[in-house]
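Structure, as structure tokens:
Values quoted throughout were computed directly from the atomic coordinates according to the rules given, and no laboratory measurement underlies them. Everything numeric in this text was worked out from a predicted model, so none of it was measured. As a convention, Cβ positions derive from the backbone with ideal geometry for all residues, glycine included, and neighbour counts pool all protein chains shown.
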Amino acid sequence: MHKIPIIAVFLIFGCTTALADDAATEGSIPYDRFEESSVCADCHVGLTVQYEHSLMAQSFIHEWDEKEYFELALPHAEKFAKVAGVKAGCNGCHAPLAYLAGDIPPEHPEAGTRANEGVSCDICHSITGFSGETPFNFNYVMAPGETKQGTRPGRESDHHGIAVNDFLKTAEFCGICHNEQDPFGMWVKSTHLEWKEGPYGQAGITCQQCHMPAADGALVEDGDVVPGARQHTFAGVHFPQMVAGAVQVLLYPREDDVSPGQTMTIDAVLMNTKAGHMIPSGSAEERVAWLDVKAVDSAGKQWHLAVDRKGFEGEDLTIADPNALAYQDIADIQGLDDFAGLSRDGDVPAGDRIFRKPYLDPQGRMTVAQWNTAAFGPDYRLPPLKGIKESFTWHLPADVAPGPVEIQAAVYMTMVVSSVADFMKLPATESEPMPMGQATVAFMVK
Ligand code: HEC
Ligand code: HEC
Ligand code: HEC
Ligand code: HEC
Ligand code: HEC
């Protein structure tokens, strides 16, 4: 009498543990197991509108994503065995529906396939966990279907079941796609790992707290107001209002009164006060954040000041040099002749400090092809809540007008270094400098 139920329990248990551990693989789940986000939109109106503005809704159709996959990664994967895995792999994060359905490579966005849905509502709300020790490279465990993974006990829907799963409240959930190891074993994306070892990770302040603000409101049209409903903004570097004020700048001229011909030093103390990870993070291979400092005298004449060198290894890669070339691997990828490379630092003014982590290809040249990264240069980015001090030593020219001299400092970021953006013919917004922080201070010239 007792035996049958015990065996049944073991069978069910054995079966669910196997599912709980295994990452969903390429070609293992057909498209029709996932609902379209437009279905969720019928009831979850407000959340859907926010989500649609986010890059996760556009992760396959966004112009630069389309170009990088079809014009760089895919051709590279087809000719160089070491990186062959990215043909499918890019889609594990950018077009997860296509990856899971085995629709690889997906057609271009204009074909209108379900790859276009990107990181859809139902993708995230089917994730139950990740396989292994570290979340990275789309090692999601999936349970798609009628029941959606949620977080709030006691809620009900006529359309779907709700499984309360605290995993959705963790940063590890995001790390599944926000950590990436490339074919050379390099951590080419490490937003979650940076977070984990930084002060926000230590304090348990999750990604969700900044990227999914908790605001009282309804989860569905005409629903009850629930406290701290997780908004689906997912705003990042593509939202200038997120970037604005992310870096605090303070300026300290070492003297109050100077004379033309004298040398004086201005210190700048910078801090990333707003982001829970490095600035830049994620696609750090293509972002440039930089500090620009100029002096303006009482007659309005301007001088651009170059940053003082600190002398660390690889520092040249962190100081803008209009003559430096990089990204030569584009020629190998696209089969170009006579391609010397592109300007390494784009439009960043000569002598400005660049906060970046240089990604180096197997030949040691800087690359924006993160999957072709075999080593890194110095990690000179802005860590969360940690200061960075820069100094600017200026030999005052003889023609500085007497009176106050204003020092103007500003930190900017561009999403894609302008030389690459121009070469790939990306929309202007990708390489427009976005202000992150600024400061002014004055001293007197006798
Ligand atoms: C299934 C994979 C996946 C998961 C899970 C995921 N993301 Fe993303 N996320 C992406 C991809 C892919 C992009 C890049 C979109 C693009 O620019 O093409 C992205 C972009 C973003 C951006 C925009 C960055 C920018 O450039 O502006 C933010 C913010 C973000 N994700 C936050 C989160 C947070 C917070 C979580 C966890 C709650 C999360 N993501 C979970 C795949 C994922
Ligand atoms: C017919 C309307 C309807 C549709 C369509 C719908 N939902 Fe829901 N959903 C609800 C209702 C109602 C609730 C409960 C809201 C409440 O209690 O305030 C809910 C709750 C949820 C929750 C749980 C909230 C929590 O706090 O845990 C999640 C997650 C969710 N829906 C995701 C989705 C996704 C993803 C889709 C599309 C694949 C979707 N829903 C489609 C009506 C709908
Ligand atoms: C304390 C608030 C805070 C926390 C915690 C936080 N972020 Fe951010 N994040 C920001 C801000 C502010 C920006 C915009 C500045 C920038 O782009 O660097 C940003 C930018 C981003 C970007 C774009 C980065 C770039 O340079 O391209 C991604 C992707 C992202 N966050 C994902 C995450 C993930 C994943 C986590 C958790 C592991 C997380 N964030 C934790 C505040 C936060
Ligand atoms: C990148 C992954 C991701 C995407 C895409 C996503 N969600 Fe969510 N969603 C989450 C996470 C994570 C939570 C829980 C956050 C928490 O509580 O910390 C959540 C929470 C919710 C909730 C409950 C909010 C609350 O406070 O109870 C609803 C409802 C919901 N999502 C619906 C949707 C709908 C509808 C879409 C598409 C328009 C969508 N989600 C897209 C990750 C995602
Ligand atoms: C492990 C998940 C993952 C894999 C694999 C992955 N990406 Fe991404 N990708 C992301 C995330 C997350 C972001 C957003 C990071 C940020 O904004 O800083 C991103 C950003 C990008 C961007 C920048 C978008 C922008 O607007 O700046 C491009 C282009 C891109 N990915 C292309 C690719 C290509 C091509 C591949 C394959 C070689 C690939 N990705 C593989 C997760 C992934």
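Just a few scattered comments:
- Among (1) more than 16 Å from ligand 2 (Cβ to nearest atom); (2) out of contact with any Lys or Arg (no Cβ under 9 Å at 6 or more places or on another chain); (3) closer than 20 Å to Thr48 by Cα - the single one Cys210 does not satisfy: (2)
- Test for Gly276: is it in contact with a helix residue (DSSP H, G or I) (Cβ under 6 Å, 6 or more places away or on another chain) and under 17 Å from Gly437 (Cα atoms): yes
- Within the set Gly276, Gly236, Gly282, Gly228, the sole residue that is on the phi > 0 side of the Ramachandran plot and under 16 Å from the mean Cα position of the chain (by Cα) turns out to be Gly282.
- Residue ID - farthest from Glu221 (Cα to Cα), chosen from residues in the range 139-164 that are surrounded by 19 or more Cβ atoms within 10 Å (Cβ to Cβ) and within 12 Å of ligand 4 (Cβ to nearest atom): Tyr140
- Flag if Ala215 is farther than 27 Å from Ala306 by Cβ, of a type in the set (A, V, I, L, M) and within 16 Å of ligand 1 (Cβ to nearest atom): yes
- Restricting attention to the range 152-182, the residues that are within 22 Å of Val39 (Cβ to Cβ), in contact (Cβ under 8 Å) with a residue 60 or more places away in the chain and in contact with a Lys or Arg (Cβ under 6 Å, 6 or more places away or on another chain) total 0.
- The residues in the range 49-73 that are charged (D, E, K, R), surrounded by fewer than 17 Cβ atoms within 10 Å (Cβ to Cβ) and more than 16 Å from ligand 2 (Cβ to nearest atom) can be counted, and the count is 4.
- Residue among Gly89, Gly118 that alone is buried (at least 16 other Cβ atoms within 10 Å of the Cβ), within 15 Å of ligand 2 (Cβ to nearest atom) and under 21 Å from the mean Cα position of the chain (by Cα): Gly118
- The residue pairs whose first member lies in the range 276-301 and is free of Cβ contacts under 8 Å to residues at least 60 places away in the same chain, whose second member is assigned to a loop (DSSP other than H, G, I, E, B) and more than 10 Å from ligand 5 (Cβ to nearest atom), and whose beta carbons are closer than 9 Å, counting only pairs six or more residues apart or on different chains, are Gly300/Ala401.
- Residue match in the range 111-127 (condition: within 25 Å of Leu426 (Cα to Cα), free of Cβ contacts under 8 Å to residues at least 40 places away in the same chain and in contact with an Asp or Glu (Cβ under 9 Å, 6 or more places away or on another chain)): yes
- Enumeration of residues in the range 147-187 that are among the β-branched types (Val, Ile, Thr) and over 26 Å from the mean Cα position of the chain (by Cα): Thr147, Ile162, Val164
- Residue in the range 246-258 that is more than 30 Å from Ala81 (Cβ to Cβ), of a type outside the set (A, V, I, L, M, F, W, C), out of contact with any Asp or Glu (no Cβ under 8 Å at 6 or more places or on another chain) and outside any strand (DSSP E or B) present: yes
- Residue within the range 342-358 that is in contact (Cβ under 8 Å) with a residue 24 or more places away in the chain, touching a Pro at 6+ places or on another chain (Cβ under 9 Å) and of a type in the set (Ser, Thr, Tyr) present: yes
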